[in-house]
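To start, the structure itself, in structure tokens.
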Amino acid sequence: MAIESATAMTSAEIVALNRAHTFFSWSVQGALDPIAIDRAEGVYLYTPEGQRILDFNSQLMSVNIGHGDRRVIDAITEQALKLQYVQPAFATEIRGRLGQKLAEILPGDLDKVFFTLGGAEAIENAIKFARHYTGKPKILARYRAYHGATLGAMTLTGDPRRWANEPGIVGVVRYPDTHRWGEAGPRPVAESLQGLEDVIRYEGAHTIAAVFLETIVGTNGILIPPDGYIQGVREICDRNGILMVADEVMAGFGRTGKWFAIDHWDTVPDLMTMAKGLTSSYLPLGAVAMRRPIAEAFESKMFYGGLTYSSHPVSLAASLATIRVYEEDGLIENAARLDGVMRSHHQRLAAKHPSVGATRNLGLFGILDLVRRRDPWTPLTPFNGTSDEMKAIGKYLREHGVYCMIANNSIHTNPPLCITEAQLAEGFEVIDAALDIADQAVGG
């Protein structure tokens with residue numbers, strides 16, 4: 001049967017066809033109400049009917065360079081015309097060139113990478129590298145963490161998305177977070193680090209391969225660690241002979257105003273996972289970067305891991321072109337420049353709206369936490385839940401052409417790094433109006 005594509009479909013037709021024959025992630029299928037998107041350009045998405053939607057979340061905090069950049073599209077096309085695929089045991093020019101470029105921008109002596117097809121696969125292989133290199137079985141991870149939806153990554157994930165997927169892999173142990181649910185600010189650095197030290201003491205450093213952490217926690221709240229915490233984790237790992245693994249899948253590639261979030265704390269992890277902004281999500285790609293001693297250890301022993309699409313040439317071409325766009329357009333510098341601009345918008349909304357309990361951002365990685373009361377601190381939703389007010393806010397933003405991630409009691413503000421001050425103000429103007437809904441719940 002031929003696939004009909006000559007006649008443009010309406011939003012309703014697209015949604016109906018998608019629901020009839022495709023399965024959506026993280027959803028109750030019968031409750032789905034997706035937005036149909038026809039095309040995208042810059043910071044905007046467009047429906048088949050031409051409605052313009054400001055993408056204030058870079059989709060999944062990943063379309064960092066913005067939509068529709070012809071330089072990346074042309075690089076994809078050029079590579080696809082030359083060489084579409086060879087299996088990972090072959091060497092290609094694009095593989096070598098991207099590896100070399102990443103070695104230039106990665107922190108410290110992280111200068112060799114293993115390519116995957118996304119963030120979850122990067123985490124899975126980081127687990128393997130850590131265990132194979134150290135010969136130790138245990139992995140430490142936090143509760144307020146999301147590392148991916150494959151089995152190992154989901155086990156490292158601490159948030160409630162893990163529950164339905166248990167039991168996971170063995171050997172994963174939790175250590176304390178920098179932020180507690182339902183509190184406005186982070187815990188004292190010494191307290192958080194002592195919690196990690198305690199877990200290492202109780203579990204035995206000789207049994208622990210690695211400590212995993214999102215450098216800045218993403219979907220669980222844009223939780224920016226207090227100064228001294230990242231350096232403290234590095235020191236504890238060094239002292240105990242444990243690898244430090246930084247998950248930069250969401251925070252990396254300019255999102256925070258530096259190439260990688262960990263650069264803010266002048267720290268080099270032993271392994272680092274990447275994806276999302278690596279190609280600006282134009283094509284699937286992830287990577288695990290490793291320090292020289294780890295890479296050198298596998299010069300004389302087998303690494304038991306692999307993926308059919310590891311080092312896929314077309315995805316690698318998309319990545320190399322994306323990195324050029326960051327550099328040519330000064331997008332990382334733009335994110336750094338707009339750090340204070342976003343903070344001023346956050347602060348203005350907090351001063352105006354009693355429902356805004358806390359705000360956080362580093363570069364263009366931001367969030368607004370909504371509350372019923374600031375004292376005592378009472379989030380607008382229960383833990384792992386929603387509320388009528390948050391549903392109404394989401395509906396208002398959708399109806400007024402702004403796409404934000406709404407999670408628990410928070411509104412994420414994570415636009416593409418190419419956004420202008422005027423476009424940033426456009427998004428916050430709509431959020432400002434939506435917060436009137438939340439204000440009605442204050443004190444209730």
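Counting only Cβ charges, +1 for Lys and Arg and -1 for Asp and Glu, the dipole size of the range 170-238 around its Cα centre is about 140 debye. In terms of overall dimensions, the range 1-68 has a Cα radius of gyration and Dmax of 13.7, 40 angstrom. The Rg/Rh ratio of the range 265-346, with Rg taken over Cα atoms and Rh as the Kirkwood radius over Cα pairs, comes to 1.08. In plain terms, the residue of W181, W26, W259, W265 with the fewest other Cβ atoms within 10 Å comes first and the most crowded comes last, giving W26, W181, W265, W259.
A cut-off of 5 Å between modelled amide H atoms, ignoring neighbours fewer than 5 places along the same chain, links A210 with L140, L243. Based on alpha-carbon centroids, what's the gap between the range 69-93 and the range 202-269 in Å, whole number please? Value for the Cα centre distance between the two parts: 32 Å.
Taking 7 Å steps out from each Cα toward its Cβ at I73 and T420 produces label points 2.0 nm apart. Each of V43, S410, L196 was scored by the projection of its Cα onto the charge dipole of the chain, and the greatest displacement toward the positive side belongs to L196; charges sit on the C-beta of Lys, Arg, Asp and Glu.
In plain terms, the bigger the Kirkwood radius, the slower the diffusion; for the range 70-329, with that radius from Cα pairs, at 10 °C and 1.306 mPa s, Stokes-Einstein puts D at 85 µm²/s. Between the residues A126, Y309, T116, the greatest Cα displacement towards the positive end of the dipole of the chain, with unit charges on the Cβ of Lys, Arg, Asp and Glu, is found for A126.
Restricting the calculation to Cα atoms, the chain yields a radius of gyration followed by a Dmax of 21.9, 65 Å.
The 3J(HN,Hα) values that the Karplus relation (6.51, -1.76, 1.60; θ = phi - 60°) gives for the range 317-323 are, in residue order, 5, 4, 5, 4, 5, 4, 4 Hz. Gly and Pro appear as x. For chymotrypsin sites (Phe, Trp or Tyr not before Pro), the sites in the range 331-421 that DSSP calls loop and that have at most 12 other Cβ atoms within 10 Å are F383. Each of I393, I236 was scored by other Cβ atoms within 10 Å of its Cβ. Arranged with the fewest first, they read I236, I393. Pick from A190, A75, A434: which is most flexible by mean-square fluctuation in a GNM of the chain where alpha carbon atoms under 10 Å apart are linked? Ranking A190, A75, A434 by mean-square fluctuation puts A190 first. The range 149-176 and the range 25-42 have Cα centres separated by 27 Å. When +1 charges are put on Lys and Arg Cβ atoms and -1 charges on Asp and Glu Cβ atoms, the dipole computed for the chain relative to its Cα centre reaches about 860 debye. Dipole of the chain computed with +1 at Lys/Arg Cβ and -1 at Asp/Glu Cβ about the Cα centre; of P160, A20, T279, farthest Cα towards the positive end is P160.
Restricting the calculation to Cα atoms, the range 306-444 shows an Rg/Rh of 1.08 when the hydrodynamic-style radius is the Kirkwood one.
Only the coordinates and a few stated rules stand behind these numbers; no lab work does. Computed from a predicted model, the values in this text were never measured in an experiment. Because the Cβ atoms are built from the backbone with ideal geometry, glycine has one as well, and the counts that use them run over all protein chains shown.
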